[in-house]
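The values are calculated or read from the model by the stated rules, or taken from the named source; none is laboratory data. No experiment lies behind these values; they were computed from the predicted model shown. FYI the Cβ positions are ideal-geometry reconstructions off the backbone, even for glycines, and counts take in every protein chain you see. Just the protein is used for accessible areas: all its heavy atoms, side chains included, with ligands, DNA and RNA removed. Shrake-Rupley method; radii C 1.70, N 1.55, O 1.52, S 1.80 Å.
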Amino acid sequence: MTLQKQITFWVVSFLVLILVLWLLSPILLPFIAGLVLAYFLDPVADALERMGLPRVVATLVILGLSILLLVLVVLLIVPILGDQIVKFAGDLPALMQALLARFNEAAPQWIKDAIAKSGTDIQGSISDIAGKAAGWTATLLASVWSGGLALVNIVSLMVVTPIVAFYLLADWDKMVAKVDGWLPRDHADAIRTIAADIDSAMAGFIRGQGTVCLLLGVLYALAVSIPGMR
């Protein structure tokens, strides 16, 4: 195949891929999520296979534990988060009043004089904002929740994604071997090397970011819990 034909083939294939993704975009999210989940969990399935478990059993064990962990995290975090948001909305008027009091204590006199000359009623403005804050918070949460449901389609995500992930994870090695068979033989080694480098870089990035997030989460939790901050 000449270079011109190769370029034409790949350009046309790319345009067809973009068209297919655009046409299927409303229903793609659960399938993409299942693909990503299978990609992340494949090394765990390989490790269980080396321990003697069949691939299907290893897949069932991994997905079962993953779903159980997700349910436990949601059950533990969502009530706490909701309770803290409600308490914060209720405490916000008092917090803003305390902030205004601190401002009156610490602000230079020339700033107070400038505000007084401008005729701005900071006390009234703060009180008005504080009074509306709880309503704004509730409205914002309702908007985020309804928008999230429309965007993510959480029902299909929770139902379809585990099914897609199961089948992809069970046949992951077969799919990789099948795609490898499609590679042009003249460039197969180079493509495999590039794919392995991409896989290694992504794995390192995810491990690094996950470690950083975990350490920061523990640090922040301890930092605000030890002095008793709300």
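Structure values in brief
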item: Members of region 71-102 found to be open to solvent by less than 90 Å² (accessible area, probe 1.4 Å) and either among the charged types (D, E, K, R) or not in a helix (DSSP H, G or I) (or both), listed by number; result: ASP83, ASP91
item: Qualifying position, being open to solvent by 80 Å² or more (accessible area, probe 1.4 Å) and either out of contact with any Lys or Arg (no Cβ under 8 Å at 6 or more places or on another chain) or modelled with pLDDT under 85 (or both), among LEU23, LEU28; result: LEU23
item: All positions within region 162-183 that are open to solvent by less than 60 Å² (accessible area, probe 1.4 Å) and touching a helix residue (DSSP H, G or I) at 6+ places or on another chain (Cβ under 8 Å); result: PRO162, VAL164, ALA165, PHE166, LEU168, LEU169, ALA170, TRP172, ASP180, LEU183
item: Residue list for region 181-230, filter: farther than 30 Å from ILE7 by Cβ and either modelled with pLDDT under 85 or touching a strand residue (DSSP E or B) at 6+ places or on another chain (Cβ under 8 Å) (or both); result: GLY228, MET229, ARG230
item: Filter result for GLY217 (surrounded by 10 or more Cβ atoms within 10 Å (Cβ to Cβ) and closer than 21 Å to PHE40 by Cα); result: no
item: Test: residue in region 40-49 that is surrounded by 11 or more Cβ atoms within 10 Å (Cβ to Cβ), closer than 23 Å to HIS187 by Cβ and without any contact (Cβ under 8 Å) to a residue 40 or more places away in the chain; result: no
item: Residues satisfying the stated conditions in region 50-93, i.e. more than 26 Å from the chain's Cα centre (by Cα) and in contact (Cβ under 8 Å) with a residue 24 or more places away in the chain; result: ARG55, VAL56, GLY90, ASP91, LEU92, PRO93
item: Residue pairs meeting the criteria (Cβ under 6 Å; at least 6 apart or on separate chains; first at negative phi, in region 1-30; second of a type outside the set (Phe, Trp, Tyr) and assigned to a helix (DSSP H, G or I)); result: PRO30/SER156; PRO30/LEU157; PRO30/VAL160; PRO30/THR161
item: LEU53, sole failed condition from (1) assigned to a helix (DSSP H, G or I); (2) at pLDDT 80 or above; result: (1)
item: Checklist (1) within 27 Å of ALA203 (Cα to Cα); (2) surrounded by 12 or more Cβ atoms within 10 Å (Cβ to Cβ) applied to THR8, failing item; result: (1)
